[in-house]
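Down below is the structure, laid out as structure tokens.
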Amino acid sequence: MTNPQWNAVDAYFTETIAPADEVLTAALADSAAAGLPEIAVAPNQGKLLHLLALTQGARTVLEIGTLGGYSTIWLARALPADGRLITLEYDPAHADVARGNIARAGLEKIVEVRTGAALDSLPLLEAEDAGPFDLVFIDADKVNNPRYVEWALKLSRPGTLIIVDNVVRGGKITTPNPEDPAITGTRELFDLVAAEPRLDATALQTVGAKGYDGLLIARVVD
């Protein structure tokens, strides 16, 4: 579902208050040239992640789903020089593109890209005592979103912010008994968050260059 007016408004927002720079533009261009799917967050959404990380005072960030590193760059730019961002990417080819984009941004000392299935990498982070993370951004396969949030909780502290992308599914999130496993997983995510006393959450619908979708934002309270 797309709408020319949504695209025009997103373009206006981007041009006026979330302008791209050469590094971000090159990251998208290199991702497209490498054949990565064009599913990175929109520029104004990247700026939102950046501002949330700044507002959070984040020093440590965990990202689940790197793609070409576009959102990674937005988040890492919000961290102090001694900050740390670990991003998990399933596809080695995507991870290679992301590493190049991150290096161009001058963020390779802050960002570590780990390759492999996130559900294999997350227990390793726990074993390494890599947490707690101040902010967790989840933008990977939707079927496993509930498991990713469970792991985010294990690797968090009171006050950690957990953000999950693509939770509206073009409005199909309300479909009863959905056949699409991505919708099933997302509905399970909402059930989990609603029942979890350690999370205080809301969700927002978004429209724009990326179509009709939305974000879930949760704060760890205990």
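Worth pointing out:
- Tally of residues being in contact with a Phe, Trp or Tyr (Cβ under 6 Å, 6 or more places away or on another chain) and surrounded by fewer than 16 Cβ atoms within 10 Å (Cβ to Cβ) across segment 159-170: 1
- Here segment 111-140 is the region considered, the condition is being acidic (Asp, Glu) and surrounded by fewer than 18 Cβ atoms within 10 Å (Cβ to Cβ), and the residue that is nearest to the chain's Cα centre (by Cα) is Glu112.
- Residue that is modelled with the lowest pLDDT, among those in segment 141-158 that are part of a loop (DSSP other than H, G, I, E, B) and open to solvent by 10 Å² or more (accessible area, probe 1.4 Å): Asp141
- Some residue of segment 46-61 being touching a residue at least 12 places away in the same chain (Cβ under 8 Å), assigned to a loop (DSSP other than H, G, I, E, B), of a type in the set (A, V, I, L, M) and surrounded by 24 or more Cβ atoms within 10 Å (Cβ to Cβ): no
- Criterion applied to Ala95, Ala76 was being modelled with pLDDT of 95 or more, more than 21 Å from Leu48 (Cβ to Cβ), open to solvent by less than 10 Å² (accessible area, probe 1.4 Å) and touching a strand residue (DSSP E or B) at 6+ places or on another chain (Cβ under 6 Å), and the one residue passing it is Ala95.
- Evaluation of Pro37 against (1) at pLDDT below 95; (2) open to solvent by 70 Å² or more (accessible area, probe 1.4 Å); (3) in a loop (DSSP other than H, G, I, E, B) (one fails), failing number: (2)
- If you go through segment 180-222 and pick out every residue that is in a loop (DSSP other than H, G, I, E, B), open to solvent by 60 Å² or more (accessible area, probe 1.4 Å) and modelled with pLDDT of 95 or more, you end up with 3.
The values are calculated or read from the model by the stated rules, or taken from the named source; none is laboratory data. Quantities reported herein were computed from a predicted structural model and do not represent experimental measurements. Counting neighbours? That spans all protein chains shown, and the Cβs are built from the backbone with ideal geometry, glycine included. Protein only, heavy atoms only, side chains kept; ligands, DNA and RNA dropped before computing areas. Shrake-Rupley method; radii C 1.70, N 1.55, O 1.52, S 1.80 Å.
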